[in-house]
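*Asks:* Take a look at this one; I'll ask things after.
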Amino acid sequence: MEARKGADIASVIETEYVATVDTRLTSQEAYIEYQMHEARRALPFLSRFLPHEDARVLEVGAGLGGKGIAYACSGIRMTSLDIDPAAVECAARAARQHHAPLSVLTADGTALPFPTEWFDAVLLDSVVEHVHDPAALLQECTRVLKRGGIVFVVFPPYYGPLSGHIDDFVLIPWFHLLPRRIVERKLLSKEETRGMLTPEGALKVYASLNRITVHRFKNLARRAGLHIEYMRVRPFITHPGTRLVIGLAAAIRQRPHREQLRATLGRAMREFDWRTGTLFVLLAALGPLAFVPYIQDIAAGGCKAVLRKA
């Protein structure tokens, strides 16, 4: 367990991963590379719940396909789908370029085109908050799962500080909770782009949110016949803040730790400005609330859960 923790810490602060996070919006290829890094980080955790190495796994909401490619290259029998035909075409092309044995198709997650009890696992990574009917999505996942299979879910609870998916343009906590016309006016007043992402694109993603909360998600999972085997709600303290905290923790654990400490502080000085620094202090102060039931959503950055079919 300690070795796995060490590997997880290293994966968050390693230079290559940080670079993929920072450059993920510059091109489709950069975003696919970022997705692949994210999947490699998730794989040690996910493998603890899969029944065998060559498990048959379905990824719903694949986007550009990077995560499915990484999982397929690890030996998992992967099928990835997305409702956007353009994204599926890009994912299929990327899979061929990486020689990944990945099956990719266009489909709606609320009406999956697969037989009952077909998959060992279903992945819903940053998907459940965007579908118009999350109850139908979870019920379909249950239908196509084998008995004892799992649904792996990651999503940002809607009332979290930056859960509106607009923080590339508006870095104001809980701004997305204001009336929609105010959010829309603010976004469309932005003239600059963020690589591939435009203000109009961010508005479209924001408009797709179904306002799911941790409490509602739990209820929907249980109604779908899924047992919550693992769940963790984590606070959001910004990407630079996360790297600072984890880097300091890694430095303290190392012997000697001077080089790690120097590198962590040097990176923080480059990454923080007055806005991100102020936001980090605010969110760090609220962070403990993410572990308090019923009020945890207001401080949450993400919820990770493993649901198992009885």
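*Asks:* From (1) at pLDDT 95 or above; (2) surrounded by 15 or more Cβ atoms within 10 Å (Cβ to Cβ); (3) over 21 Å from the mean Cα position of the chain (by Cα); (4) over 20 Å from Arg308 (Cα atoms), pick out the condition that doesn't hold for Arg143.
*Replies:* So Arg143 meets the others, but not (4).
*Asks:* Enumerate the helices (runs of 4 or more DSSP H) found wholly within segment 235-310, keeping only those where 1 or more residues are within 21 Å of the chain's Cα centre (by Cα) and aliphatic (A, V, I, L, M).
*Replies:* Filter on segment 235-310 gives 239-253, 274-286.
*Asks:* Follow-up. Which pairs turn up if I take residues in segment 111-135 that are more than 18 Å from His165 (Cα to Cα) and among the acidic types (Asp, Glu) and look for partners that are in a loop (DSSP other than H, G, I, E, B) and modelled with pLDDT under 95 with beta carbon separation below 6 Å, at least 6 apart in sequence or on another chain?
*Replies:* Qualifying pairs under 6 Å: Asp120/Pro51; Asp120/Ala55.
*Asks:* Among residues belonging to segment 146-159 that are closer than 30 Å to Arg275 by Cα and touching a helix residue (DSSP H, G or I) at 6+ places or on another chain (Cβ under 6 Å), point out the one that is surrounded by the fewest Cβ atoms within 10 Å (Cβ to Cβ).
*Replies:* If we take residues in segment 146-159 being closer than 30 Å to Arg275 by Cα and touching a helix residue (DSSP H, G or I) at 6+ places or on another chain (Cβ under 6 Å), then Tyr159 is surrounded by the fewest Cβ atoms within 10 Å (Cβ to Cβ).
*Asks:* Among the residues in segment 3-24, are any in a loop (DSSP other than H, G, I, E, B), closer than 23 Å to Lys146 by Cβ, modelled with pLDDT under 95 and not small (Gly, Ala, Ser)?
*Replies:* No, segment 3-24 contains no residue that is in a loop (DSSP other than H, G, I, E, B), closer than 23 Å to Lys146 by Cβ, modelled with pLDDT under 95 and not small (Gly, Ala, Ser).
*Asks:* Let me ask you something else. Among the residues of segment 50-93, what is the count of those that are of a type outside the set (A, V, I, L, M), within 18 Å of the chain's Cα centre (by Cα) and either assigned to a loop (DSSP other than H, G, I, E, B) or surrounded by fewer than 24 Cβ atoms within 10 Å (Cβ to Cβ) (or both)?
*Replies:* Selection size over segment 50-93: 3.
The values are calculated or read from the model by the stated rules, or taken from the named source; none is laboratory data. All values derive from a computational prediction rather than experimental measurement. No Cβ is skipped: glycine too gets one built from the backbone with ideal geometry, and neighbour counts run over all protein chains shown.
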